[in-house]
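Engineer: Supplied in structure tokens, the structure appears directly below.
What follows is calculated from the coordinates using simple rules that are stated; it is not laboratory data. From a predicted model like this one, the values you see are computed outputs, not experimental measurements. A quick note on method: Cβ atoms are made from the backbone with ideal geometry, for glycine too, and the neighbour counts reach across all protein chains shown.
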Amino acid sequence: PNKSNMKDEL
Amino acid sequence: MNIFRLAGDMTHLASVLVLLLKIHTIKSCAGVSLKTQELYAIVFATRYLDIFTSFYSIYNTLMKLVFLGSSFSIVLYMKYHKTVHRSYDREQDTFRHWFLVLPCLLLALLIHEKFTFLEVLWTFSLYLEAVAILPQLVLLQRTRNIDNLTGQYVFLLGGYRGLYILNWIYRYFTEPHFVHWITWISGLVQTLLYADFFFYYSQSWKNNKKLQLPA
């Protein structure tokens, strides 16, 4: 399962 | 996207707009730390390097451009605007903020999720954002009392960080594998730095007197 990434956060 | 994160982003947006409007309308930056503004410009520049390579949403790209534009224009205003730069308190704003940049860079080289150029700089921006408010808090202590706009600016910044912590709690319970210690710890440190300011700010509101920070 792909780890959710934080790059979608500002 | 959840309500906590949206509220956090809007509060963050409000903080930079409050500052930009203050400087633009009254043409003064008294009480504002240029060092903190320079650190924030570096934070955004190193965090949003992926703005051209990865696209998440219109909202995400738009907000990145707004944060980059506002932070750099605040720095340019304070450094070069003929009227504004005269109100900059150079003697009091003496925090050696470059001493914050190097340890954050070294820490990012040591502790990161992936050892790539973008990831290390992104992690560096997290660490730097955690401490970027320090010169501003030191300046507030020195100048003793603050005008309400600068107080509102710091207050809104603290609010944005608090809402982001709620956003992480929400994402932890709603998304599988949502564990990001680096972001959480640096975000927590940053929020704690505001804690004492919040205390004095709320006291001044309660007693309805000018905010006096202890020396």
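Engineer: Return the loop-located trypsin sites (Lys or Arg not before Pro) in segment B:140-195 (DSSP other than H, G, I, E, B) with at most 14 other Cβ atoms within 10 Å of their own Cβ; answer none if there are none. Mind dumping the intermediate values first?
Structural biologist: Working: sites: B:Arg142, B:Arg144, B:Arg161, B:Arg171; in loops: B:Arg144.
The qualifying sites are B:Arg144.
Engineer: Follow-up. Please list, in order, the residues from segment B:139-177 whose amide nitrogen is less than 18 Å from a point placed 7 Å along the Cα→Cβ vector of A:Met6.
Structural biologist: So the set is B:158-177.
Engineer: Return the calculated 222 nm mean residue ellipticity for chain B, to the nearest 500 deg cm²/dmol, obtained by summing -39500 (n - 2.57) across DSSP H runs with n ≥ 4 and dividing by the residue count.
Structural biologist: -24000 deg cm²/dmol
Engineer: So how far apart, in nm, are the two label points at B:Ser57 and B:Trp181 if each is 7 Å from Cα heading toward Cβ?
Structural biologist: 3.0
Engineer: Now a separate question. Show me, bin by bin at 5 Å from 0, the whole-percent P(r) of the protein assembly as shown based on Cα pairs.
Structural biologist: Pairs per bin, as whole percents: 1, 7, 14, 18, 21, 17, 11, 7, 3, 1, 0, 0.
Engineer: Would you kindly work out the equivalent ellipsoid of segment B:65-133 from its C-alpha gyration tensor and give its semi-axes, the square roots of five times the eigenvalues, largest first in whole Å?
Structural biologist: Listed largest to smallest, the semi-axes of segment B:65-133 are 29, 16, 8 Å.
Engineer: Along the three principal axes, how long is segment B:7-150 when you take its alpha carbons, biggest first, rounded to the nearest angstrom?
Structural biologist: Reported extents, whole Å, longest axis first: 43, 34, 28.
Engineer: At 20 °C and a viscosity of 1.002 mPa s, what translational diffusion coefficient does Stokes-Einstein give for segment B:70-215, taking Rh as the Kirkwood radius over Cα pairs? Give it in µm²/s as a whole number.
Structural biologist: D, rounded to a whole number, is 124 µm²/s.
Engineer: So, in segment B:23-90, how many Lys pairs have Cα atoms under 20 Å apart, if the pair is 8 or more places apart or on different chains?
Structural biologist: 5
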